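Q: Please read through the structure below; I'll follow up with questions.
The values are calculated or read from the model by the stated rules, or taken from the named source; none is laboratory data. The structure displayed is predicted, hence computed values, not measured ones. A quick note on method: Cβ atoms are made from the backbone with ideal geometry, for glycine too, and the neighbour counts reach across all protein chains shown.
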Amino acid sequence: MRHTRDILWSQLFELPETPGLPLQAQLRAAIVREILAGRLPAGAALPSSRDLARLLRLGRNTVTAAYQQLVADGFLRARARSGVYVAPQAPSQAPPLPPPAADHEASDDTSAPDWSVRLRRTMRGRPTLSKPEGWREAPYPFVYGGHDPALFPVEDFRECCARTLTRAQLSHWAPDFETEDAPELIEQIRQRVLPKRGVFARPDEIMVTVGAQQAFHLLGEALLDGGTRLGLEEPGYPHARNSFALRQPLELLLPVDNDGLVVDALPPLDLLFVTPSHQAPTTVTMSLARRQALLQQAQAQDFVIIEDDYEADNLHDGAPVPALKSLDRRGRVVYVGSLSKSLSPAMRLGYVVASAALIAELRALRHVMVRHPSAFLQQAYALYLSLGHHESHGRRVNQALRERLSIAAQALREHLPEFGFSMPRGGASLWLQAPPWLDGAQLAQAARAHGVLIEPGDVFFARPPQPCPYVRLRLSSIAPARIAPGIAALARAVQDCARERRRSRDID
């Protein structure tokens, strides 16, 4: 009987799979799970700490500490010389939801709204950067949006988060900021981040955003409508293009060459979006002379420039070219930057620098949407910047990316000599031009069969050529040892595409 009971307890308190969570926390989570699910009703007796430690092969102190915390949280009650029981007032799970209606039942309900006719705008179907399901398990992920756990500054960032959670820091981030941002972060951006790009701004000229992408959305909402003439690089950054597309501006596609956006003979514009530091996706850097010429044209033609200083911190070669904003003397450049891209894209911290009048409007607009980005994260990142972690981490990332780019370039020359590319001065990507017959989307599909994930070039074009012989390799989250084998596997995918092409010709 006791053996059966022991098995039941062991199964009931099976610890959740949560890597990095201490055993005591895992045990607490398991007990709370069973209470909330109703499998441990109020008044139910739990095993003694000695017995549960034996059953789960845990230290007795671990079990005792878990019980004590759950007593303090109101889930358990300890009775002297009796044991531990589920508390009478312990929270219980809400009543179960009714089962979902079968598909045929839902389809027969003619009263359900037809969303296809009610939607006034949709982003579904627009080309954008995306990853297939299960992409994290792919052996060779040359794609955007991941992070490298080996490079993440765990201890430094943990220190900043822990310090931000102290009682003395609560008043700095716990109150509602309304339309404002953490003053400490604004000061760090103003004094530590922007001067490196030659940009100097007052506090009322800076606003924090939920990543650079929210900045694009806010600027689109504030500055664009159906009559706005918007200049976009072609190829260009799909996330920005899609954010602006919600307001349905008149898109004017502008060519890019080996020196960035071609600024000669620009058409009449109201607004221009550019990525001059590392053009997305070609990675080329706009020269100083061309930047100055662009600013002169903006003044002469009376248009405004949105500068996305994309990957400006990731410079591997040569001296940095000043940001467009640093050369702007007329207030025509709206500057967008990212704080957290080198840490992890999931951190979602960006900022906008513009005239105080525009920033005030953007703050009011942001308040309608999300009020403000996480105040806790702002405060923690302000501390991270103030302690110099941002700079030291940036140096480590740049060294790692320089090494990865070198490995990738050597592997491309060995395995795919027919692919053209230029070594970027910085950033984390290589833009490849395949042979003219090879379509990048077709290659991306074939590469998945070999465990290789790449970004087909057509998503970067508003009007892609057919076939579109371009792909992008992103190197930010793939281990150096996997780069060369991944490119060798990509070469095998190219061979698959060539065989399929010959087979199709034979059939025809």
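Q: Within the stretch 268-287, track down each residue that is within 15 Å of LEU253 (Cβ to Cβ), in contact with a Gly (Cβ under 6 Å, 6 or more places away or on another chain) and of a type in the set (S, T, N, Q).
A: Passing the criteria: only GLN279.
Let's see how each residue does on (1) surrounded by 15 or more Cβ atoms within 10 Å (Cβ to Cβ); (2) under 30 Å from LEU253 (Cα atoms):
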residue	(1), (2)
SER374	yes, no
HIS389	yes, no
GLN399	no, no
GLN410	no, no
SER429	yes, yes
GLN442	yes, yes
CYS468	yes, yes
ARG472	yes, yes
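Q: Applying the selection to the stretch 29-81, what residues are within 16 Å of TRP9 (Cα to Cα) and not in a helix (DSSP H, G or I)?
A: ALA37, GLY38, ARG39, LEU40, PRO41, ALA44, ALA45, LEU46, PRO47, SER48, ARG57, LEU58, listed by residue number.
Q: Sticking with this structure for a sec: Which pairs do you get when a residue that is closer than 20 Å to HIS372 by Cα, found in the stretch 159-177, comes within reach of a residue that is outside any helix (DSSP H, G or I) and among the small types (Gly, Ala, Ser), reach meaning Cβ atoms under 9 angstrom, with the pair 6+ apart or on two chains?
A: Partner pairs satisfying both residue conditions: HIS172/ALA182; TRP173/ALA182; TRP173/SER374.
Q: Further question on the same structure: Only residues in the stretch 380-396 that are in contact (Cβ under 8 Å) with a residue 12 or more places away in the chain and within 13 Å of LEU151 (Cα to Cα) count as the first member; pair them with residues that are aliphatic (A, V, I, L, M) and in a helix (DSSP H, G or I), Cβ under 8 angstrom, at least 6 apart or cross-chain, and list the lot.
A: Listed pairs, sorted by first residue: HIS390/VAL193.
Q: Residues of the stretch 415-427 being exposed (fewer than 14 other Cβ atoms within 10 Å of the Cβ) and either touching a helix residue (DSSP H, G or I) at 6+ places or on another chain (Cβ under 8 Å) or in a strand (DSSP E or B) (or both), which ones?
A: Selection gives MET423 alone.
Q: I've got another one for you. Scan the stretch 343-358 for residues that are modelled with pLDDT of 95 or more, touching a helix residue (DSSP H, G or I) at 6+ places or on another chain (Cβ under 6 Å) and surrounded by fewer than 23 Cβ atoms within 10 Å (Cβ to Cβ) and jot them down.
A: ALA356, the sole residue that qualifies.
Conditions tested, residue by residue: (1) surrounded by fewer than 19 Cβ atoms within 10 Å (Cβ to Cβ); (2) at positive phi; (3) of a type in the set (A, V, I, L, M).
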position	(1), (2), (3)
GLY220	no, no, no
LEU223	no, no, yes
PRO235	no, no, no
PRO249	no, no, no
LEU269	no, no, yes
PRO276	no, no, no
LEU288	yes, no, yes
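Q: Looking at LEU430, LEU473, LEU362, LEU401 in this structure, which one is touching a strand residue (DSSP E or B) at 6+ places or on another chain (Cβ under 9 Å), within 30 Å of CYS160 (Cβ to Cβ), touching a residue at least 60 places away in the same chain (Cβ under 8 Å) and outside the structural domain of VAL193 (by TED's automatic domain parsing)?
A: LEU401
Q: Let me ask you something else. Among the residues of the stretch 161-168, is any outside any loop (DSSP other than H, G, I, E, B) and among the β-branched types (Val, Ile, Thr)?
A: Yes, that holds for at least one residue.
Q: Okay, moving on. Across the stretch 454-466, what is the number of residues that are outside any loop (DSSP other than H, G, I, E, B) and over 20 Å from the mean Cα position of the chain (by Cα)?
A: The number of residues fulfilling the criteria is 1.
Q: Looking at the stretch 341-359, which of its residues are part of a helix (DSSP H, G or I), closer than 24 Å to GLY331 by Cβ and either in contact (Cβ under 8 Å) with a residue 12 or more places away in the chain or outside the structural domain of MET207 (by TED's automatic domain parsing) (or both)?
A: Answer for the stretch 341-359, where residues must be part of a helix (DSSP H, G or I), closer than 24 Å to GLY331 by Cβ and either in contact (Cβ under 8 Å) with a residue 12 or more places away in the chain or outside the structural domain of MET207 (by TED's automatic domain parsing) (or both): ALA356, LEU358, ILE359.
Table: residues versus (1) of a type in the set (A, V, I, L, M); (2) more than 20 Å from VAL352 (Cα to Cα); (3) in a helix (DSSP H, G or I).
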site: GLY220; (1), (2), (3): no, no, yes
site: ARG241; (1), (2), (3): no, no, yes
site: PHE273; (1), (2), (3): no, no, no
site: PRO281; (1), (2), (3): no, yes, no
site: GLN296; (1), (2), (3): no, yes, yes
site: ALA319; (1), (2), (3): yes, yes, no
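Q: Need the failing condition index for LEU327 against (1) within 30 Å of HIS393 (Cβ to Cβ); (2) aliphatic (A, V, I, L, M); (3) under 27 Å from the mean Cα position of the chain (by Cα), just the number.
A: (3)
Q: Working only within the stretch 437-453, note down all residues that are farther than 17 Å from PRO235 by Cα and assigned to a loop (DSSP other than H, G, I, E, B).
A: TRP437, LEU438, ALA449, HIS450, GLY451 - these are the residues of the stretch 437-453 that are farther than 17 Å from PRO235 by Cα and assigned to a loop (DSSP other than H, G, I, E, B).
Q: State whether one or more residues within the stretch 23-37 are at positive phi and within 40 Å of the chain's Cα centre (by Cα).
A: No, that holds for no residue.
Q: Since VAL397 meets every condition but one in (1) closer than 16 Å to VAL193 by Cβ; (2) modelled with pLDDT of 90 or more; (3) among the β-branched types (Val, Ile, Thr), which condition does it not meet?
A: (2)
Q: Right, here's the next one. Somewhere in the stretch 56-68, is a residue touching a Leu at 6+ places or on another chain (Cβ under 8 Å), of a type in the set (Ser, Thr, Tyr) and crowded, with 16+ Cβ neighbours inside 10 Å?
A: yes
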